[in-house]
Amino acid sequence: MYLHKTSRARAELQPGVRTLGQRERTLLLLSDGSRLAQDFYLLFGGDGEKIVLRLLSEGYLERRAS
């Protein structure tokens, strides 16, 4: 499944809004619907999987077939 930003993620990425850390924001920027969740798992010293799962559970990301 491909990762897509939700409206919550788009709001987080607006100028002046900073509730997430730099790694989480970077992952949101990279989640453009062209990458699989597994593509991020090895990022950030192996913490990518935990970050993806957290962002999914908190509603910043969603999985779609394409």
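The values are calculated or read from the model by the stated rules, or taken from the named source; none is laboratory data. These numbers were taken from a predicted model, which means no experiment stands behind them. Positions of Cβ are backbone-derived with ideal geometry, glycine not excepted, and every protein chain shown enters the neighbour counts. Ligands, DNA and RNA are excluded from the accessible area calculation, which covers all protein heavy atoms including side chains. Shrake-Rupley method; radii C 1.70, N 1.55, O 1.52, S 1.80 Å.
Structure values in brief
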item: Residue count for the range 49-66, restricted to those that are closer than 20 Å to Thr19 by Cβ and surrounded by 11 or more Cβ atoms within 10 Å (Cβ to Cβ); result: 12
item: Residues of the range 1-38 satisfying the condition of being among the β-branched types (Val, Ile, Thr) and under 14 Å from Leu55 (Cα atoms); result: Thr6, Thr19, Thr26
item: Options Leu20, Leu61; residue that is in contact with a His (Cβ under 8 Å, 6 or more places away or on another chain) and at negative phi; result: Leu61
item: Filtered residues of the range 32-66 (kept if in a loop (DSSP other than H, G, I, E, B) and either closer than 19 Å to Arg10 by Cα or small (Gly, Ala, Ser) (or both)); result: Gly45, Gly46, Glu58, Gly59, Tyr60, Ala65, Ser66
item: Residues of the range 8-17 classified as free of Cβ contacts under 8 Å to residues at least 24 places away in the same chain and either of a type outside the set (Lys, Arg) or crowded, with 16+ Cβ neighbours inside 10 Å (or both), total; result: 6
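Residue-by-condition table, conditions (1) modelled with pLDDT under 90; (2) of a type in the set (A, V, I, L, M, F, W, C); (3) open to solvent by less than 80 Å² (accessible area, probe 1.4 Å):
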{"position": "Met1", "(1), (2), (3)": "yes, yes, no"}
{"position": "Thr6", "(1), (2), (3)": "no, no, yes"}
{"position": "Thr19", "(1), (2), (3)": "no, no, no"}
{"position": "Leu29", "(1), (2), (3)": "no, yes, no"}
{"position": "Gly33", "(1), (2), (3)": "no, no, yes"}
{"position": "Asp47", "(1), (2), (3)": "no, no, yes"}
